[in-house]
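These notes are about the structure you will find just below.
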Amino acid sequence: MGKLEDRSKKKSRKSGLKRAILQTVAAVGLISLAVMAPNTPKIIPRSLLSKIFDRPRSSRNVAISKLLAEGLLVRENHNGISLLRITNKGRGYLSQEQRRHTIEKPKRWDGKWRLVIFDIKEPRRKTRDALRAELKAVGFRMLQDSVWIYPYACEEYVALLKADLHVGKDILYLIVDELENERFLREQFDLNT
């Protein structure tokens, strides 16, 4: 296997471990670092922690250190016991990961365009910028400042995005059969239909 493939696999494993640790801490609330050790009595079912325990202890420790450094987890002391707690930033990261996994690209494009149109006023500029960044990260293309397009069904993704950003009434989801001068979009999305 080539170097690029190896690096890609390693990155996927790391993000999977990161997500597993965050999901575990989020599910439990506060979790002792001792619970992360494989030989301790299990308070949490093995199925929930299997992605964590299948990795070497050093990998878990590095992942936890990175999560702490990124501000996704915080360490707290309760009665002399060191515990991990997920932060709001960590919950946001998990929501973002969950949303991104809701879009499935079919083998064939159905010939319909999905448009997201929003009108978020200036006082909520951070929310508007976060929405644009999220749409871009998933693969949407900007047609105009507040009009974004995507070729695949993504209604569930948009619904989750509306809920997470608290902008339900400010975003419209449209399905469009035809679009004027769509050839350049077909090229941008590499659609051969």
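The values are calculated or read from the model by the stated rules, or taken from the named source; none is laboratory data. Please read these numbers as outputs of a predicted model, since none were measured by experiment. Don't worry about glycine lacking a Cβ; one is built from the backbone with ideal geometry, like all the others, and counts go over all protein chains shown.
Of note:
- All positions within segment 161-174 that are under 22 Å from F189 (Cβ atoms) and assigned to a helix (DSSP H, G or I): L161
Here's the yes/no breakdown for (1) in contact with a Pro (Cβ under 8 Å, 6 or more places away or on another chain); (2) modelled with pLDDT of 90 or more; (3) of a type in the set (A, V, I, L, M):
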site	(1), (2), (3)
N79	no, no, no
L83	no, no, yes
I86	no, no, yes
G90	no, no, no
S95	no, no, no
D110	no, yes, no
W113	yes, yes, no
R132	no, yes, no
R141	no, yes, no
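- Residue ID - modelled with the highest pLDDT, chosen from residues in segment 154-174 that are in contact with a strand residue (DSSP E or B) (Cβ under 6 Å, 6 or more places away or on another chain) and β-branched (V, I, T): I171
- Total residues in segment 138-154 satisfying the condition of being in a strand (DSSP E or B), of a type outside the set (A, V, I, L, M) and either surrounded by 16 or more Cβ atoms within 10 Å (Cβ to Cβ) or in contact with a Lys or Arg (Cβ under 9 Å, 6 or more places away or on another chain) (or both): the figure is 2.
- Checking each residue in segment 160-187 for being within 26 Å of D129 (Cβ to Cβ), free of Cβ contacts under 8 Å to residues at least 60 places away in the same chain and surrounded by 12 or more Cβ atoms within 10 Å (Cβ to Cβ) picks out K162, A163, L165, V167, D170, I171, L172, Y173.
- Test: residue in segment 51-74 that is at pLDDT 85 or above, surrounded by 14 or more Cβ atoms within 10 Å (Cβ to Cβ) and among the acidic types (D, E): no
- Restricting segment 58-88 to residues that are free of Cβ contacts under 8 Å to residues at least 24 places away in the same chain and in a helix (DSSP H, G or I), the residue that is nearest to A26 (Cα to Cα): N88
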